[in-house]
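The structure under discussion appears below in the form of structure tokens.
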Amino acid sequence: MERLYEGMFLLDANETSRSWSDIESHINHLFAKNEARLEYAERWSEMKLAFPVKGVTKGTYYLTYFRAPTSRVNSLRRDAEISERILRVLIVQEEWLEEEMVRRRDAAKQRAERGVAEAPPRTDAPAPWEGDADAGEEDEGERRERRSFEADDGDEAPGKYD
């Protein structure tokens with residue numbers, strides 16, 4: 001069964017500025033090798049990373065939408081992870097990706113018509129930690145349980161950390 005996936009590739013910004021076409025060809029080769037068809041891609045501008053990844057402090061993100069057989073996605077992920085040109089990869093599959101891809105493609109077309117080179121940062125989407133009021137927050141009971149677990153002298157603490 002073939003599905004639409006979103007792939008985010010983190011690349012070394014120094015390498016992308018020197019040889020973007022080689023890196024793009026490398027990623028396209030990984031897609032072809034794993035029977036994936038690239039539907040849409042965006043190269044984002046280089047940015048300083050929050051922390052070094054494999055010794056790299058500036059990265060370029062490459063957002064892709066591709067169709068691939070479900071049986072080949074793990075192989076594609078593995079190939080990207082062992083590639084020396086790709087620092088990190090994230091591949092997701094969600095039902096709403098088709099609409100997101102069309103929205104991004106239309107926005108890119110409009111930017112191209114206006115002569116704007118790259119996508120502006122999105123301000124209407126909540127940050128990942130803002131989407132769920134309870135996400136990342138713990139109540140007093142959870143903190144107490146975690147503290148008692150961390151203070152334990154090696155015996156297993158009962159509760160949700162079993």
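Since every read-out is calculated from the coordinates, none of them should be taken as a lab result. Everything numeric here is computed off the predicted structure, so don't read it as measured data. Heads up, the Cβs are rebuilt from the backbone with ideal geometry, glycines too, and the neighbour counts pull from every protein chain shown.
Check R3: other-chain or 5+ apart residues with amide H under 5 Å from its amide H, H built from backbone geometry?
The list, which skips near neighbours in sequence, is A68, T70.
Using the number of other C-beta atoms within 10 angstrom as an exposure proxy, rank I27, I82 with the fewest first.
Taking fewest neighbouring Cβ atoms as first place, the list is I82, I27.
Is segment 25-69 best put as rounded, prolate or oblate by its Cα gyration tensor, with a ≥ b ≥ c the root eigenvalues, rounded for a/c under 1.5, and otherwise prolate when a/b is larger than b/c, oblate when not?
Working: a/c = 3.18, a/b = 2.13, b/c = 1.49.
In terms of gyration-tensor shape, prolate.
How large is ³J(HN,Hα) for each residue in segment 3-14, as worked out from phi by the Karplus curve 6.51 cos²θ - 1.76 cosθ + 1.60 (θ = phi - 60°), to whole Hz, x for Gly and Pro?
Going residue by residue, I get 10, 8, 10, 10, x, 10, 10, 9, 10, 5, 4, 5 Hz, with x marking Gly and Pro.
Starting from the Cα gyration tensor of segment 2-114, take the square roots of the eigenvalues, sort them a ≥ b ≥ c, and report rounded, prolate or oblate (rounded when a/c is under 1.5, otherwise prolate if a/b is larger than b/c, else oblate).
oblate
Among D12, D22, rank each residue by its count of other Cβ atoms within 10 Å, from fewest to most, as a rough exposure measure.
Working: D12 22, D22 11.
Ordered by Cβ neighbours within 10 Å, fewest first: D22, D12.
Multiply the residue separation of Q110 and N74 by 0.36 nm, subtract the distance between their alpha-carbon atoms, and state the gained length in nm to one decimal.
Using 0.36 nm per residue and subtracting the Cα-Cα distance, I get 9.5 nm.
I need the phi-derived Karplus couplings for segment 39-45: 6.51 cos²θ - 1.76 cosθ + 1.60, θ = phi - 60°, integer Hz, Gly and Pro marked x.
9, 7, 8, 9, 9, 8, 5
Mind listing which GluC sites (Glu not before Pro) in segment 32-65 are in a DSSP loop and have 15 or fewer other Cβ atoms within 10 Å?
On the way: sites: E35, E39, E42, E46; in loops: E35, E46.
Answer by residue number: E35.
Considering only DSSP states other than H, G, I, E and B, which trypsin sites (Lys or Arg not before Pro) in segment 51-120 qualify as loop sites with at most 13 other Cβ atoms within 10 Å?
K54
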